[in-house]
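Data first, discussion second: the structure below is written as structure tokens.
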Amino acid sequence: MPINSWDYLLRYCFKTFKSYYNYLNNLTFYYIFSNSLSYVLWGLILGRGRKPKWMIDIAIERMDILFSMARKEFSNNPERSNRYVALARKISKKYNTKIPSKWVRSYCKSCYKFLVPGNNSSIRLVNGEVNIKCHQCDNIMKIPYKKEKKEKRRAKIESYINKKRNNEEISPINDN
């Protein structure tokens with residue numbers, strides 16, 4: 001079927017586009033042959049790069065579900081939980097998103113196995129960093145926690161200052 005037969009329909013549907021024929025170049029033609037008849041199906045190409053927001057939200061939700069299933073399944077079938085991690089990583093790569101932050105430290109960055117402290121991993125605090133050791137590949141993931149220490153110190157100092165201010169303000173009122 002030639003393009004001209006669809007020309008009127010396309011012009012009607014896509015009036016708002018400034019350059020109509022430039023838009024036609026972005027259309028793809030899919031030919032489906034059945035019963036010796038050729039039908040032309042028109043589809044729009046999604047541009048390269050980021051996916052729509054709703055797709056990314058669904059991908060994050062699926063990754064969250066897979067990691068929670070991996071945690072539940074680990075005691076009965078650790079291989080299945082490792083498979084769930086692999087699927088979640090695959091989704092993360094496909095939709096170009098990060099794995100949810102609460103699950104980032106729950107798998108080994110080297111062998112991509114699901115980690116459960118005490119079963120197949122150990123956690124140690126050494127020189128201002130958290131060391132998570134995978135017992136399957138003997139990889140050690142080192143995560144610094146100096147920021148957390150600084151924030152804790154600041155919060156402690158601020159609470160001390162606030163208490164001191166409150167005590168100074170309250171003490172004259174109590175004397176009266």
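The values are calculated or read from the model by the stated rules, or taken from the named source; none is laboratory data. All values reported here derive from a predicted model rather than from experimental measurement. Positions of Cβ are generated from backbone atoms using ideal geometry, with glycine treated the same way; all protein chains shown enter the neighbour counts.
Quick notes on this one:
- Looking across the stretch 124-138, just one residue is of a type in the set (Val, Ile, Thr) and either touching a Cys at 6+ places or on another chain (Cβ under 9 Å) or at pLDDT 95 or above (or both), and that is Ile132.
- Selection within the stretch 50-77 - of a type outside the set (D, E, K, R), assigned to a helix (DSSP H, G or I) and closer than 15 Å to Asn120 by Cα: Ala70
- Residue in the stretch 78-86 that is outside any helix (DSSP H, G or I) and either over 25 Å from Lys142 (Cα atoms) or modelled with pLDDT of 95 or more (or both) present: no
- Per this entry, Asn82 is not counted among residues that are surrounded by 13 or more Cβ atoms within 10 Å (Cβ to Cβ), farther than 29 Å from Arg50 by Cα and touching a Lys or Arg at 6+ places or on another chain (Cβ under 8 Å).
- Contacts under 6 angstrom Cβ, first residue in the stretch 57-77 being closer than 11 Å to Ser92 by Cβ, partner surrounded by 15 or more Cβ atoms within 10 Å (Cβ to Cβ) and among the polar types (S, T, N, Q), 6 or more apart: Ala59/Thr97
- In the set Ser92, Ser110, Ser122, Ser159, only one residue is part of a loop (DSSP other than H, G, I, E, B) and small (Gly, Ala, Ser); that residue is Ser110.
- Across the stretch 112-146, the number of residues qualifying as at positive phi and surrounded by 13 or more Cβ atoms within 10 Å (Cβ to Cβ) comes to 1.
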